[in-house]
Amino acid sequence: MTDYTDDPLYVILRSKREATRFQILVEIAEHQPSIRQQEIAGKLGVTPQAVSEYIREMVDEGLVTAHGRGRYEVTKSGIEWVLRHAEALESYARHINRDIIQQVAVWTAIAREDIRKGDTVGVLMQDGWLYATKQEQNATGRATMDAKPGEDLGVAQLSGLIEHEEGLIHVCKVPRVERGGSRKVSPDLLRAAVRDAEMVAAVGLESYVALRKADIEPDMFFGSREGVIEAAFHGRECAILIVDEEFTDFLKRLEATGLAYTIHDLLAS
């Protein structure tokens, strides 16, 4: 019999206490090391005394470290706890979006040809974009408006499977600056690693500089982890250069999403 108390998704959705702990840990991680408990309390709708008690408990459990009044940091164990629960929530959200909401939602596609309101259209994905066409496809829906070629078009009552392949992610580890940073990266190995990528992302200034040294301008920097995952889900082959201290956590995220990836060694010999 399944022990639901060990299921991160069950814990977060069923327990207000655990949901509050999750939110407090996220707030600390975002604003550490200087944290105002009153601000957290205002955001979460609880009392500052409750926030103080939650933080005290998490310090005792090793999820948070305290460095004097109002100075806290999330520990490695705390980060792993947040990631485990965040991944469960992300997977649940994808299930809702893919398997439930699509039954009642209006999807947006690009019209391939002249389409009239009420037409039955085939829906396909190409190069990461969703298209509607009068040609038969495995997925079909009903046009909610008139559209000319290239215009955005609403598609309702979507049924069937939208055929597309998820993109491969090339993951490249770059040392932090105190371990050599971009100076340790071989430009030739870097160019070879990202050669087939349609989109290139960087996490950390060391990664950004390494790309620039190889005469490559990244497509993403801010929010690049999420951007790469979304692009791969839409069929785009991507490469991400990521600093070594965040490398393992990103791989865990990829494992949770089920996306295919390959790891490249960029260190110059």
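Could you tell me which residue of segment 218-268 is nearest to residue 170 (Cα to Cα), considering only residues that are polar (S, T, N, Q) and in contact (Cβ under 8 Å) with a residue 40 or more places away in the chain? It would help to see each step written out before you state the result.
If we filter segment 218-268 for residues that are polar (S, T, N, Q), which is where we start, we get 224, 248, 257, 262.
Subset that is in contact (Cβ under 8 Å) with a residue 40 or more places away in the chain: 257, 262.
Working: 257: 15, 262: 5 Å.
Filtering segment 218-268 for residues that are polar (S, T, N, Q) and in contact (Cβ under 8 Å) with a residue 40 or more places away in the chain, the one nearest to residue 170 (Cα to Cα) comes out as 262.
Scan (1) surrounded by 12 or more Cβ atoms within 10 Å (Cβ to Cβ); (2) outside any loop (DSSP other than H, G, I, E, B); (3) over 28 Å from the mean Cα position of the chain (by Cα); (4) of a type outside the set (A, V, I, L, M) for the single condition residue 188 breaks and write down its number.
With respect to (1) surrounded by 12 or more Cβ atoms within 10 Å (Cβ to Cβ); (2) outside any loop (DSSP other than H, G, I, E, B); (3) over 28 Å from the mean Cα position of the chain (by Cα); (4) of a type outside the set (A, V, I, L, M), residue 188 is out only on (1).
At least 1 residues that are within 24 Å of residue 237 (Cβ to Cβ), aliphatic (A, V, I, L, M) and in contact (Cβ under 8 Å) with a residue 40 or more places away in the chain in each: list the strands (runs of 3 or more DSSP E) lying fully within segment 105-163 that qualify.
Strands (runs of 3 or more DSSP E) meeting the threshold: 107-111, 120-126.
Could you grab me the full set of residues in segment 27-67 that are among the β-branched types (Val, Ile, Thr) and out of contact with any strand residue (DSSP E or B) (no Cβ under 9 Å at 6 or more places or on another chain)? Explain how you work it out, then say what you get.
Taking segment 27-67 first, the residues among the β-branched types (Val, Ile, Thr) are 28, 35, 40, 46-47, 51, 55, 59, 64-65.
Within segment 27-67, 40, 46, 47, 51 qualify.
List every residue pair whose Cβ atoms sit under 6 Å apart, with the two residues 6 or more apart in sequence or on different chains, where the first one lies in segment 179-201 and is on the phi > 0 side of the Ramachandran plot and the second, anywhere, is surrounded by 17 or more Cβ atoms within 10 Å (Cβ to Cβ) and not in a loop (DSSP other than H, G, I, E, B).
181/206
Does residue 263 satisfy the criteria of being under 23 Å from residue 128 (Cβ atoms) and outside any helix (DSSP H, G or I)?
Numbers: under 23 Å from residue 128 (Cβ atoms): no; outside any helix (DSSP H, G or I): yes.
Taking the combined requirement at face value, the residue does not satisfy it.
In segment 117-151, what count of residues is obtained for those that are loosely packed, with under 12 Cβ neighbours inside 10 Å and out of contact with any strand residue (DSSP E or B) (no Cβ under 7 Å at 6 or more places or on another chain)?
1
Take the residues in segment 1-33 that are modelled with pLDDT under 80 and aromatic (Phe, Trp, Tyr), then tell me which one is farthest from the chain's Cα centre (by Cα).
This residue is 4.
Please find, within segment 240-259, the residue that is farthest from the chain's Cα centre (by Cα) out of those that are over 19 Å from residue 76 (Cβ atoms) and surrounded by 12 or more Cβ atoms within 10 Å (Cβ to Cβ).
If we filter segment 240-259 for residues that are over 19 Å from residue 76 (Cβ atoms), which is where we start, we get 240-241, 254, 257-259.
Filter once more, so that each one left must be surrounded by 12 or more Cβ atoms within 10 Å (Cβ to Cβ): 240-241, 254, 257, 259.
Values: 240: 13, 241: 15, 254: 9, 257: 9, 259: 11 Å.
Among those residues, the one meeting the criterion is 241.
Taking residue 210 and the conditions (1) of a type in the set (A, V, I, L, M, F, W, C); (2) outside any helix (DSSP H, G or I); (3) in contact (Cβ under 8 Å) with a residue 40 or more places away in the chain, which numbered condition does it fall short on, given that it satisfies the others?
All conditions pass for residue 210, except number (2).
Suppose the filter is outside the structural domain of residue 20 (by TED's automatic domain parsing), surrounded by 14 or more Cβ atoms within 10 Å (Cβ to Cβ) and touching a Ser or Thr at 6+ places or on another chain (Cβ under 6 Å); does residue 154 pass it? Please lay out each step first, then the result.
Working: outside the structural domain of residue 20 (by TED's automatic domain parsing): yes; surrounded by 14 or more Cβ atoms within 10 Å (Cβ to Cβ): yes; touching a Ser or Thr at 6+ places or on another chain (Cβ under 6 Å): yes.
Taking the combined requirement at face value, the residue satisfies it.
The values are calculated or read from the model by the stated rules, or taken from the named source; none is laboratory data. Note that the coordinates shown come from a computational prediction; the quantities given were computed from them, not determined experimentally. Backbone-built Cβ (ideal geometry, glycine too); neighbour counts: all protein chains shown.
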